[in-house]
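The values are calculated or read from the model by the stated rules, or taken from the named source; none is laboratory data. Values in this document were obtained by computation on a predicted structure and should not be read as measured data. Using ideal geometry, Cβ is built from the backbone for each residue, glycine included, and neighbour counts are taken over all protein chains shown. Protein only, heavy atoms only, side chains kept; ligands, DNA and RNA dropped before computing areas. Shrake-Rupley method; radii C 1.70, N 1.55, O 1.52, S 1.80 Å.
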Amino acid sequence: MHQDIIPLYAADIQDQLKKQFAYLSGGRGGDGCPVITFPDYPAFSEIPEKEFQNVLTYLTSIPSLRDAGIGFILVIDRRQDKWTSVKASILRIAASFPGNLQLVLVLRPTGFFHRALSDIAFKFNKDEFKMKVPIIMLGSVSELQGYIDKTQLTEDLGGTLDYCHNRWLSRRTAIEGFAQKVKQTAQILQSFGTELAETELPNDVQSTSSLLATHTEKKDKMKEDIRLAVKQGGDIRESITKPVTENPEYKLNQDQLDNQTTVERLLAQLHETETAFDEFWIKHQQKLEQCLRLRNFEQNFREVKAALDIVSERLSTFTDVGNSCSHVEHILKDLANFEEKSCETVAKARMLASEGDAFIQSNHYAVDSIIPKCSELHHLCDAFTTETERRRNLLNKSLELHGLLEKSLKWCDEGIYLLASQPVDKCQSQDGAESALQEIEKFLDTGAGNKIKELNKIYREYAHILNEDLKEHVQKVFQKQESMEEMFQKRQVSLKKLAAKQTRPVQPVAPRPEAFVKSPCTSPGLQREYVSNSENSALRRVNCRRGKSEMTELHQSRGGSTMDDEENLAVLRQHVMNELIETERAYVEELLCVLEGYAAEMDNPLMAHLISPELQNKKDILFGNMEEIYHFHNRIFLRELENYVEFPELVGRCFLDQMEDFQIYEKYCQNKPRSESLWRQFSDSVFFQECQRKLDHKLSLDSYLLKPVQRITKYQLLLKEMLKYSKNCEGAEDLQEALTSILGILKAVNDSMHQIAITGYDGNLNELGKLLMQGSFNVWTDHKKGHSKVKDLARFKPMQRHLFLHEKAVLFCKKREENGEGYEKAPSYSYKHSLNMAAVGITENVKGDAKKFEIWYNAREEVYIIQAPTPEVKATWVNEIRKVLTSQLQACREASQHRTLEQTQSLPLPASSCTSPSRNHIRNTKKMEERKADLTSLEGYGTAVAPKYPEKGKGWAKTSHSLDASEENDGWSSAEDPLNSSDAEEEGGGGGGEMKLTPGKYTVVTDYEKGVSEEFTVKSGELVQLIREGEDGLWYVKNLSTGKEGWIPANNLLMLIGNSKSAQSLSSSESGTASSTLSTSSSCSDSCNASSTSFSDVKG
């Protein structure tokens, strides 16, 4: 029965135990039997059976199995009860007691009646209790002490046993809770251990690191739970032994001793569990850490291998053995720089291989995966080192060979120079011939250490570096050497003949000394094409001297001088080309150095602590588009330049092909002020100092940030030099065009630098079109609208204004000088106002000053007199403004012609049903274009496209100008035409009132074959006289060719007008009212947004 009972815990029946109708005091009988006491409990019969059974089951489960096996002693205290109750209690206990019984002691009621009744009833009803153990009725506590020692009885039973039911209940709850805690901890540790053992190891660093952190966190939590459990058990054990600690003579009862034993056993179990878990965790942690190191190793391996592949690939590009000593030295320098930069990568690879070897030595679980990687790293490092050394040896051999070749070339040049410099007149005498022979022999003696002796030996010794180009170069040098030696032999034969016989003295005419004073170029960068030229010219000079008279030799010497000049120019061109390429290479290297040593380091996490927060994320401001500039020069421009190394005079084509890419410098220069301002704020930064130290730069970063600005200005100097030495060469035109283009870029860069300094302009400057010109001028205003005193004052007091000419507007700004350093010292420009180019006209000449011109606005409603610093500046501005206005005029004409065609096709004509004024529009348009070209080239003539009509009903006022007068003059002067005179406009009080239209002579721009009369016909190019204006845009005109009159659309006419009094005028003005005169404005029709274009004299 005991085995079938489910174990109970004090916490589960805590409320039932608190009723204390039965308790286990901890006392023992004589043979160690546990004593269960049933104290006097009035409501004993009312206790539910379930609660009663639970309490008895729990109490009997507390003693050890050995003690419980002996049996329990029950002490039933019924001294204050009735016999009937005693009987019922005994029967209930007998029926429900789950354990073995040793003895039942009953303290019977103390009342006389109930005591007697209990004695009699117990004797007669003893069998009813169904107990196999004796039930002893006791009358007093003293009798009870005869069966159980006084020390094993509680105080209510006359004993001395210290028992507190609440304390007992609390302790039992704590012990059982601790036992459950130990059990749960063991289960959790076991489950966690299983989880750890079954976890698959990740394949990347981040996951492995995350897994290790997660498991470590869980382990730490487990350890904390164990620590709390141990503390809990220790507290329980301390509470059990506290009485003994306070009183050494205190004796713990058996239950207390059992509790102490239980707690200590649980603590030992907890310690064993913790120890086992720690051992497992150490192994698991070691495996995870090994996995993390392995993943780090694998990741580093991939990175290092990729870096080694890159440096190996870059190393494989060092295939060029050079074409001169300087070129080879440059390649060697590049190789040394490359090797120095690659050392860090190789060092990382070797360090990683050593790390892998250490893993192998420490018996890493993944040894099979580590060994191949270590072997590969060792192999790659050794291969890189070996290949680098091999490349260096090849280049050293190439340098040695080019040294021999250049020594031979230099020796040949010196020999040719010696032959060319020997005076002809002195060689005619015996002494002179002998002296010349001695010079030749002395020079030939120097050939032992300078010339190439055996060509085959050179081929054998340098076979591993001889490519086709180099082999050809060696052959040419050797051929030149042989030719030069042959020349010396022939010269020796001639001189020996002269020295052997006496000839009458001859008084030759010596050639000009300057023909021989130029020494040959001995530059190591001399290119191979020069070899054959030098050889041929020398051969010609020497052969021409032989077997001819002195005068013939003189002419040949002069011819040789011309040849020398050509050769010298070739040498000079080659020097410029060498300088261009060498400086370009140096420039590319410097850009790369800055990008790698500074810009890249700003993204390096290891350097992040040196960068102040204000400097972070400012790389684009500091360096601008330097990376874009570097890629252009490194990948494109430098390679293209190297293709022209043999043809320096054609290098202009290289610049022209890449000219669009040079626009990137404009963006860099525009950013330069921001970059320099940022540099000044952080120039003392530890980050920049550390980068400079690593790069071993003597100059700080700002010097290198200036390199692109310096480089773009350097090109025009080199092109000028190259052009100076290439005047008669094939590529001279390309060089001139390239120089012009580079200067244009520099101007655009300079203009843009000024443009970004404009302040106060509300709109978007980019919407104004391309910036064409900018400069400072004196400006006077002369506006029709305004107070007369202000107007008069403005005439005499100029304003200092900085003008910016765009395609769509001209801006007037005030220049303000700034204080500061560098770019902050550059001026700024305060925006004042602007003029729309669609409403602007110009007067090219102003009386009294060749540096002045006028810009006027809205038909001279606003006039600005501009004084340039020089007449040349004025001419440049006037030409540029003329181009803008002419292009606008052309655009308006095309729009007007298109609209004219549309209108005339549907225009209703008086007394006519004809609908089409032009049947051959394409042919007539071509005629009109040709006519336009003729008209715009005439002095004193102007054009007006689609004149603005006066109000309906207005006619033309009569004037004194007749057709004859018009025909007699090439054009109308300003005196004849007051409407076109600036002075006349001012005297007329401005353009505020209505203008009286005058008849004039017009040119027909489109054929018109039908009008009011079927016979009225005009052709494109004919002249007509305006008589009056009609409705719906029709004018009544007279055909001056046929004398016939009729109606014609006004859009078909171009008006001829005269010059302004003070200037040739060109205008593209906006005319929204009828105030514009025919001579100064014209309408482009509604399709041109009512903008009008007139111009009084467009030359060429």
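Numbers at a glance
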read-out: Relative contact order for the range 390-464, counting Cα pairs under 8 Å that sit 6 or more residues apart, in percent; value: 50
read-out: Net dipole in debye of the range 432-495 [+1 Lys, Arg Cβ; -1 Asp, Glu Cβ; about Cα centre; nearest 20]; value: 80
read-out: Hydrodynamic radius of the range 229-388 per Kirkwood, over alpha carbon pairs, in Å; value: 21.6
read-out: Most to least accessible of Glu200, Glu1022 (protein chains only, probe 1.4 Å); value: Glu200, Glu1022
read-out: Residue order for His833, His271, His802 - accessible surface, 1.4 angstrom probe, largest first; value: His271, His833, His802
read-out: Heavy-atom SASA rank of Met799, Met607 (probe 1.4 Å, accessible area, largest first); value: Met799, Met607
read-out: C-alpha center-to-center spacing [the range 709-749, the range 576-623] in angstrom; value: 28
read-out: Kirkwood Rh and Cα Rg combined as Rg/Rh, the range 379-490; value: 1.20
read-out: Net charge contributed by nearby residues that have their C-beta within less than 12 Å of Glu389 (K/R +1, D/E -1); value: 0
read-out: Per-residue SASA entry for Asp225, accessible area with 1.4 Å probe, Å² rounded to 10; value: 40
read-out: For the range 1-76, fraction of C-alpha pairs farther apart than 22 Å, in %; value: 23
read-out: Entries in Lys218/Lys348; Lys442/Lys480; Lys667/Lys694; Lys707/Lys808 that, when Cα-Cα distance is taken, lie over 25 Å; value: Lys218/Lys348; Lys667/Lys694; Lys707/Lys808
read-out: For the range 184-281: rounded, prolate or oblate by the Cα gyration tensor [a/c cutoff 1.5]; value: prolate
